[in-house]
Amino acid sequence: MKRGEAVSKQMVADLQPGQLVDSYFAVTQMQLQPYKDPTKGHFLSVLLADRTGEISGKLWQGASQVQGIAVGDVAKVVAKVEEYRGSRQLNLSRIEPLSQGEQVDLADFLPTCPKGRKALEQELKAALSKFTDPHLKSLLTTWFSRPDFWNEYLLSPGAKRVHHAYLGGLAEHSLEVFHLAGAMAKLYPVVNEQLVLAGALLHDVGKVKEYNYKYIIDLSDEGKLLGHIAMGYQMLQEEVAHHSDFPKEYAEHLGHMILSHHGKMEYGAPVEPQTIEAAVLHQADLASSQVKQYAQTIESAEEERWLFNRVLGRNLYLGYIKDI
Ligand SMILES: [Fe+2]
Ligand SMILES: [Fe+2]
C-alpha cells in the first residue's frame, strides 16, 4: 500500500499455507453465498488476483457488512493461507476498499508481454514497412500513426484468459499471425500477400475496445454487447471512409477477412472464409492461438512431466522439453 512509504506487495504466487497475509489484490470475482444452514446467513466468496496469479478466498463472518468493493477494484485483505482440497485458499478476516488517496502500483496487477513494449514497437514498425500496395500502405500508415490508436494497439491484451492474456498480447498475437500468414502466402503465389498481411494486422483490431484493463482484464460493455469481430469490422469501415480512393473490392475483402477469421460460425464467425486470403488468415490465427497455449503451459510448469490444459482439453507431455 502506498501512502508515503511503499510497502512491498505479497504476491499470489508466493503465498504458502500457514502464511499470514496483509496486502492488496484485485477482485476478479465476488459473490455472497448462503450457508447450508439458512439461519447462519451468508459468507463471501472471492477470487483475488495480481500479475502472478489468482487465489480464492472466503470471508466466513461479517460478509454482509462488506461495502465499497466491486469486481475490478483493488481491495485490502487480511487473511491466512490455508490448504483446501490440495489448493491454496485464503481464510479472510478482513476485506475492505482502499482508503481515499491510497494508491497501489498498477504494475503489480496486470502481466505484460514478456517481449517488452520496445521490441513489440520495433516489430510493428518493421511489419508496417512491408506494405508496398499504395492503398493498403496509405490506410495502415494513417491509422497506425494516430498516437492514441498506436498506444492502444500496443497495450491491449490479446484475450481475457487462455492465450496472450496480458498487456501487449494483441500486438504480439497479431504479429505472430502476420509472420505465419506471410510465410503461407509465400508458398502459394495465387494468394494476395499484401492483403493477407493487412488482414493479419487488423483481424483482431476490435480488441482495442473489447477489453477494459486496469487492475484486471475484463470485457468492456461494448465488448460484451458487440464483440471484437463486429467492432473490428466497424472500425475498418470508419477508417476506409477517410480514404475516398480506397478500392471498394479491398474494403469488402478486408471486411470479409475480419468477419471470417474465427473460421466457423460456432466459433463466432458470422461468415466462414470464402477466399484463399481469408483461409490463410484463419489458419494463421488458429496456429498462433494454439501453439501459444502449448508454449504458455510449458512456461507455467515447474517440475511436472504432464500438465492438463483446460482449453485444449488434454494432457500435454513436457518430458521432451530441453532447457534453453
Ligand atoms: Fe479474433
Ligand atoms: Fe486472432
Check ALA127, ALA107 and return the single one that is within 16 Å of ligand 2 (Cβ to nearest atom), of a type in the set (A, V, I, L, M) and in a helix (DSSP H, G or I).
-> ALA127
If you go through segment 296-315 one residue at a time, do you hit one that is at pLDDT 90 or above and either of a type in the set (A, V, I, L, M) or assigned by TED's automatic domain parsing to the domain that holds ALA200 (or both)?
-> no
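Could you say which residue among TYR320, TYR267, TYR233 is within 16 Å of ligand 2 (Cβ to nearest atom) and surrounded by fewer than 15 Cβ atoms within 10 Å (Cβ to Cβ)? Step through it out loud before you land on a result.
Working: TYR320 fails: within 16 Å of ligand 2 (Cβ to nearest atom); TYR233 fails: surrounded by fewer than 15 Cβ atoms within 10 Å (Cβ to Cβ).
The conditions single out TYR267.
With the condition kept exactly as written, say whether any residue in segment 115-123 is part of a loop (DSSP other than H, G, I, E, B), within 30 Å of ASN309 (Cα to Cα), of a type in the set (Lys, Arg) and assigned by TED's automatic domain parsing to the domain that holds LEU202.
Let us first name the residues in segment 115-123 that are part of a loop (DSSP other than H, G, I, E, B), namely 115-116.
Next, from what is left, pick out any that are within 30 Å of ASN309 (Cα to Cα): 115-116.
Still in the list and also of a type in the set (Lys, Arg): 115.
Now drop any that are not assigned by TED's automatic domain parsing to the domain that holds LEU202, which leaves 115.
Taking every residue of segment 115-123 in turn, at least one turns out to be part of a loop (DSSP other than H, G, I, E, B), within 30 Å of ASN309 (Cα to Cα), of a type in the set (Lys, Arg) and assigned by TED's automatic domain parsing to the domain that holds LEU202.
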Kindly list the number of the only condition in (1) away from ligand 1 (no atom under 14 Å from the Cβ); (2) in contact (Cβ under 8 Å) with a residue 24 or more places away in the chain that fails for MET257.
-> (1)
Within segment 283-292, can one find any residue that is in a helix (DSSP H, G or I), more than 16 Å from ligand 2 (Cβ to nearest atom) and either of a type in the set (Phe, Trp, Tyr) or in the same structural domain as GLY182 (by TED's automatic domain parsing) (or both)?
-> no
Every residue from segment 193-222 that is within 12 Å of ligand 1 (Cβ to nearest atom) and either at pLDDT below 95 or not small (Gly, Ala, Ser) (or both) | LEU202, HIS203, ASP204, VAL205, LYS207, GLU210
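When residues of segment 243-264 are filtered for being outside any helix (DSSP H, G or I) and either of a type outside the set (S, T, N, Q) or within 13 Å of ligand 2 (Cβ to nearest atom) (or both), how many remain? Steps first, answer last, please.
So the first thing to find is which residues in segment 243-264 are outside any helix (DSSP H, G or I), and the list is 243-247, 261-264.
Going one step further and asking which of them are either of a type outside the set (S, T, N, Q) or within 13 Å of ligand 2 (Cβ to nearest atom) (or both), we end up with 243, 245-247, 261-264.
Of the residues in segment 243-264, 8 are outside any helix (DSSP H, G or I) and either of a type outside the set (S, T, N, Q) or within 13 Å of ligand 2 (Cβ to nearest atom) (or both).
Looking only at segment 246-269, decide whether some residue is outside the structural domain of ARG146 (by TED's automatic domain parsing) and in contact with a His (Cβ under 9 Å, 6 or more places away or on another chain).
From segment 246-269, those outside the structural domain of ARG146 (by TED's automatic domain parsing) are none; that's our starting set.
Checking segment 246-269: not a single residue is outside the structural domain of ARG146 (by TED's automatic domain parsing) and in contact with a His (Cβ under 9 Å, 6 or more places away or on another chain).
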Inter-residue pairs, beta-carbon under 6 Å, first assigned by TED's automatic domain parsing to the domain that holds VAL208 and more than 11 Å from VAL205 (Cβ to Cβ) and in segment 231-243, second more than 16 Å from ligand 2 (Cβ to nearest atom) and part of a helix (DSSP H, G or I), 6+ apart | VAL240/ALA251; HIS243/LEU139
Give the residues of segment 138-184 that are hydroxyl-bearing (Ser, Thr, Tyr), within 16 Å of ligand 1 (Cβ to nearest atom) and outside any helix (DSSP H, G or I), sorted by residue number.
-> SER156
Somewhere in segment 185-192, is a residue surrounded by fewer than 18 Cβ atoms within 10 Å (Cβ to Cβ), in a helix (DSSP H, G or I) and either away from ligand 1 (no atom under 13 Å from the Cβ) or outside the structural domain of HIS282 (by TED's automatic domain parsing) (or both)?
-> yes
Which residue out of GLU222, GLU239 is surrounded by fewer than 19 Cβ atoms within 10 Å (Cβ to Cβ), at negative phi and away from ligand 2 (no atom under 14 Å from the Cβ)?
-> GLU222
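Would segment 294-311 turn up any residue that is within 16 Å of ligand 1 (Cβ to nearest atom), surrounded by 15 or more Cβ atoms within 10 Å (Cβ to Cβ) and assigned to a helix (DSSP H, G or I)? I'd like the intermediate steps shown before the answer.
Filtering segment 294-311 down to residues within 16 Å of ligand 1 (Cβ to nearest atom) leaves 311.
This time we only want the ones that are surrounded by 15 or more Cβ atoms within 10 Å (Cβ to Cβ), so: none.
Taking every residue of segment 294-311 in turn, none turns out to be within 16 Å of ligand 1 (Cβ to nearest atom), surrounded by 15 or more Cβ atoms within 10 Å (Cβ to Cβ) and assigned to a helix (DSSP H, G or I).
Considering only segment 263-316, how many residues are in contact with a strand residue (DSSP E or B) (Cβ under 9 Å, 6 or more places away or on another chain) and in contact (Cβ under 8 Å) with a residue 60 or more places away in the chain? Write out each step before concluding.
Step one: of segment 263-316, the residues in contact with a strand residue (DSSP E or B) (Cβ under 9 Å, 6 or more places away or on another chain) are 293-294, 296-298, 300-301, 305-309, 314-316.
Right, trim to in contact (Cβ under 8 Å) with a residue 60 or more places away in the chain and you get 293, 296.
Residues in segment 263-316 being in contact with a strand residue (DSSP E or B) (Cβ under 9 Å, 6 or more places away or on another chain) and in contact (Cβ under 8 Å) with a residue 60 or more places away in the chain: 2 in total.
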Filter result for GLU121 (closer than 26 Å to LEU20 by Cβ and acidic (Asp, Glu)) | no
VAL46 passes all but one of the listed conditions (1) outside any helix (DSSP H, G or I); (2) modelled with pLDDT under 95; (3) under 25 Å from PRO111 (Cα atoms); the exception is number (2)
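The values are calculated or read from the model by the stated rules, or taken from the named source; none is laboratory data. Just so we're clear, the structure is a prediction, and the values are computed from it rather than from any experiment. Using ideal geometry, Cβ is built from the backbone for each residue, glycine included, and neighbour counts are taken over all protein chains shown.
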